[in-house]
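Take a look at the structure set out below.
The values are calculated or read from the model by the stated rules, or taken from the named source; none is laboratory data. Note that the structure is predicted; figures quoted are calculated from it, not measured. Counting neighbours? That spans all protein chains shown, and the Cβs are built from the backbone with ideal geometry, glycine included. All accessible areas refer to the heavy atoms of the entire protein, side chains included, with ligands and DNA or RNA removed. Shrake-Rupley method; radii C 1.70, N 1.55, O 1.52, S 1.80 Å.
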Amino acid sequence: MASEATINKQQASYPTGAKLAILVGTAIACALLELIDTTVVNVALSEISGNIGASTTEIAWIVTGYGIANVIVIPLSAMFSALFGRKAYFTGSVVVFTFASLMCGLSGSLWTLVFWRFIQGLGGGGLLSTSQSIIFGAFPPEKAGIGTAIFGLGVILGPTFGPVLGGVITDNLSWHWVFFINLPVGVIAAILAWNYVPNLDGVEKPSRMDWWGILFLVVGLGSLQYTLEEGGAHDWFESGEILFFFLLAVVSLIAFVWRELSITYPAVNLRLYKNYNLTLGNFLNLIVGATISGSVFIFPLFAQTMLGWTATKTGAFLIPGSLATAAGMPIVAALQKKGINAKILMSFGTILMGIFLVWLSFASPDASSNFFVVPFLLRGLGSAFMMMPVLGLSVAGLSGKDLAQAAGLSNMLRQLGTAVGIAVVNIFLNTKTAQVRNGLVINLNEFNELLNDQLAGIRQTLFTAGYSPEESTAGAYQLIANSLGKQQAVVAYCQGFFFMAIVVAACLPIILLLKNTKPNTDASLGGGH
């Protein structure tokens, strides 16, 4: 922790006026660049696949490579900031990200694109955590809620606007511009970062490098991220490859924790988790990342396969909910400043998220877009009430180097939560679809008079339309099979929404375990000191 003198020095040097606006604007722009690029490419994958001649399995590496690079670098950002200086490291990350974006757009083959996408992820990982520490460190403790709200907006809006932006660019230009659009923002951000981002006070360059810790972390997180992103495509532990990487992740991460707790110069300071509220805050960060990403992942699938929405319409529909989050952030910040207990705010947000998911569990294939308007507004508001206090808790009471370390761990857990949420939802949907199909197929037999009448009616309709008796019979069975497939998917998706509501409800007892702290201290939530 920073000493009293260091804290007073930092308080005296908080930026104000135009300098504060430029600093925070640069940091949030860089965070948005990184977050938007996690989802903007998804919409363009099919066009990229056709353009460079890659299969569906191969093209997924464009997303997987970026995710693995991200999750490796994020927790090491604080160490790199101390090693190179925060100004140099942050500016360098912007330059690497921007140059890699240029090379991604110029790539003419799959593996060239995957390579530069990985490099882009390495640069992007440095942007996210460092941006958070820059924004949080730009405000004194009594105004910490403002920094939390600004960064929280980026965390929510980036992944939401990514698919919409990707769809518009792909439809009107080409997939190359999904990457080229980063260039002007990146160049301007690099210039502003070099001129306005300050180095951290009181942070000394590490005298020794924890190479073993870095190695264990890189292997462990890289293997875990690969397992989560590729497991579904390889039937999980039925695949020897996935089982190998999962076991490698477990062994490496255990070795990493042991290493970091047994030396005096760790690459990642895990001793920060001695703080009770900080530990629970980061665990909640993992859960929030999983539930929010899981709901964002499952709804587009439902809307496009069951409701017949286009990708652009689906992405655009998510925007009002994100704007509700934007409106909710300053409200939460004001309530925190007034001293409203963080547990009350988080519980309220959890309840709103639960209502959103339960509401969606009653959706049907005939539902209009109006059916989803209210629940998505509730989701947007609930996200603000859940995420803002959690973001504050994950770095509560910290400053300088400790704040940078906690920001890296916090963002790493949210990234992993995103991968875990999508993986769990995928497993649930696949399992539940099979179970529901088995339950429905039982009713499709020759003794079911209603089925026989429906088949006869369809046959007659097709025969009247000019099809042969054989074609009419085959067509009738195909239409029944299509109807069965749609019904099983609807039931599986609705049960998926309800399953996620249960997961969200499980956050409530964890929230109640948080210790009450004095308002308007630390990060508006206290550090539990």
- Task: Return the only residue of 108, 152, 124, 67 being modelled with pLDDT of 85 or more and either of a type outside the set (Lys, Arg) or under 21 Å from residue 221 (Cα atoms) (or both).
- Result: 124
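On the given criteria, is residue 113 at pLDDT 75 or above and surrounded by fewer than 24 Cβ atoms within 10 Å (Cβ to Cβ)? Reasoning before the result, please.
On the way: at pLDDT 75 or above: yes; surrounded by fewer than 24 Cβ atoms within 10 Å (Cβ to Cβ): no.
Here the answer is no, as residue 113 does not meet what is asked.
Given the structure, is residue 370 surrounded by fewer than 22 Cβ atoms within 10 Å (Cβ to Cβ) and modelled with pLDDT under 85?
Numbers: surrounded by fewer than 22 Cβ atoms within 10 Å (Cβ to Cβ): yes; modelled with pLDDT under 85: no.
Here the answer is no, as residue 370 does not meet what is asked.
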- Message: Criterion first (open to solvent by 70 Å² or more (accessible area, probe 1.4 Å) and outside any loop (DSSP other than H, G, I, E, B)) does residue 256 satisfy it?
- Response: no
- Message: Need pairs with beta-carbon distance below 6 Å; first residue outside any helix (DSSP H, G or I) and within segment 80-98, second open to solvent by 40 Å² or more (accessible area, probe 1.4 Å); sequence gap 6+ or separate chains.
- Response: 85/199
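Looking only at residues that are within 25 Å of the chain's Cα centre (by Cα), open to solvent by 50 Å² or more (accessible area, probe 1.4 Å) and touching a residue at least 12 places away in the same chain (Cβ under 8 Å) in segment 340-357, which one is farthest from residue 293 (Cα to Cα)?
First pass over segment 340-357, keeping only residues within 25 Å of the chain's Cα centre (by Cα): 342-357.
Restricting the remaining residues to those that are open to solvent by 50 Å² or more (accessible area, probe 1.4 Å) gives 344, 348, 351, 355.
Subsequent filtering for residues that are touching a residue at least 12 places away in the same chain (Cβ under 8 Å) retains 348, 351, 355.
Working: 348: 19, 351: 17, 355: 17 Å.
It comes out as 348.
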- Of the residues in segment 177-208, those that are of a type outside the set (S, T, N, Q), modelled with pLDDT under 85 and over 23 Å from residue 314 (Cβ atoms) number 11
- Query: Does residue 382 count as modelled with pLDDT of 75 or more and among the small types (Gly, Ala, Ser)?
  - Reply: yes
- Within segment 424-450, how many residues turn out to be assigned to a helix (DSSP H, G or I), at pLDDT below 75 and among the aliphatic types (A, V, I, L, M)? 2
- Note on the structure: Contact list, first residue from segment 311-339 and within 20 Å of residue 164 (Cβ to Cβ), second anywhere and open to solvent by 50 Å² or more (accessible area, probe 1.4 Å) and among the charged types (D, E, K, R), beta-carbon distance below 8 Å, six or more apart or interchain, is 312/171
